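See structure below.
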Amino acid sequence: MAHVCRQLSGSGASFAGWVGIIIATATNDWVRTCDYTVTTCVRMDELGARGLWAECVISPSLYHCVTLNHILTLPAYIQTCRALMVCACLMGLPAMGLVLMSMPCVRLGDEIPATKLRHGMVGGALTFIVALCGLVSTIWFPIGAHAEEGLMSFGISLYTGWVGSALCLLGSFMILCCCGDNPSATPQRQQNSYYYSRQAGGADTPINLAATAVVTGNHAKSAHV
């Protein structure tokens, strides 16, 4: 029961983290910037917000965004963070599918425990890669923005990306740990066990314990009838 609870918790954390990464990728409030001095921006109550796809101007009377569609002129950190976040979003779909198929309550045909173990390990590894892509992007982007212009604060989208990446990282560890100590994947003892009985002639003859148990059971049923 504890094993199933850990696996469910890891799957839930991974799914929530993946959704957080998608939200962070789609929104543009990653960092808050200031084109003037900090005192001037505070007095004018006008800040700039930058994300992966647009730059916005935020003030009490204005909210205007400009799309960053000139790919060749964009800084390297924006292009790299875009690529990493898009890969994380796309990679999360097969990762969640494999994690779902590894759940004990999901059975596809005549699936054996070893197949579920492989699904869980691959899904956990993909979730770990998703977490790494999210962490690299959400850490590199504010560093690049601060080097390019004045950085005042972090935006809600960046916090969402951090939380989502941390949840994916935690979920991947839980899934991989559950796959490592999966009790249903441990090799079971073979039922065809043999023991040797010394016959009168001195030769050791192997006797199948499973067959002996079946014969004994049949004799018991016959006696009961």
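When you check GLY164 against the structure, is it touching a residue at least 40 places away in the same chain (Cβ under 8 Å) and closer than 19 Å to GLY120 by Cα, yes or no? No; evaluated as a whole, the condition is false for this residue.
When each of ALA166, ALA125 is tested for being closer than 12 Å to GLY17 by Cβ, within 11 Å of the chain's Cα centre (by Cα) and small (Gly, Ala, Ser), the lone residue that passes is ALA166.
One line per residue, one yes/no per condition, for (1) of a type outside the set (A, V, I, L, M, F, W, C); (2) at pLDDT below 80; (3) at negative phi; (4) within 16 Å of the chain's Cα centre (by Cα):
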site: ALA2; (1), (2), (3), (4): no, yes, yes, no
site: THR25; (1), (2), (3), (4): yes, no, yes, no
site: THR37; (1), (2), (3), (4): yes, yes, yes, no
site: ILE58; (1), (2), (3), (4): no, yes, yes, no
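Report yes if some residue within region 62-75 is in contact (Cβ under 8 Å) with a residue 24 or more places away in the chain and in contact with a helix residue (DSSP H, G or I) (Cβ under 8 Å, 6 or more places away or on another chain); otherwise report no. The answer is yes, given that some residue of region 62-75 is in contact (Cβ under 8 Å) with a residue 24 or more places away in the chain and in contact with a helix residue (DSSP H, G or I) (Cβ under 8 Å, 6 or more places away or on another chain). Could you tell me how many of the residues in region 145-160 are among the small types (Gly, Ala, Ser) and either surrounded by 17 or more Cβ atoms within 10 Å (Cβ to Cβ) or out of contact with any Phe, Trp or Tyr (no Cβ under 9 Å at 6 or more places or on another chain) (or both)? Residues meeting the conditions: 4. Does LEU100 fit the bill of being within 16 Å of ILE23 (Cβ to Cβ), touching a helix residue (DSSP H, G or I) at 6+ places or on another chain (Cβ under 8 Å) and in contact (Cβ under 8 Å) with a residue 60 or more places away in the chain? No, not satisfied. Against the conditions (1) at pLDDT below 90; (2) more than 18 Å from THR27 (Cβ to Cβ); (3) open to solvent by less than 70 Å² (accessible area, probe 1.4 Å); (4) among the hydrophobic types (A, V, I, L, M, F, W, C), where does ILE71 fall short? Just the number, please. Here ILE71 meets the rest and fails (3). If you scan region 39-56, which residues turn out to be open to solvent by 40 Å² or more (accessible area, probe 1.4 Å), at pLDDT 80 or above and not hydrophobic (A, V, I, L, M, F, W, C)? If the condition is that a residue be open to solvent by 40 Å² or more (accessible area, probe 1.4 Å), at pLDDT 80 or above and not hydrophobic (A, V, I, L, M, F, W, C), then GLU55 is the only one that fits.
The values are calculated or read from the model by the stated rules, or taken from the named source; none is laboratory data. Computed from a predicted structure; not experimentally measured. Cβ sites come from the backbone with ideal geometry, for glycine too, and all protein chains shown count toward neighbours. These accessible areas exclude ligands, DNA and RNA; they are computed on the full protein's heavy atoms, side chains included. Shrake-Rupley method; radii C 1.70, N 1.55, O 1.52, S 1.80 Å.
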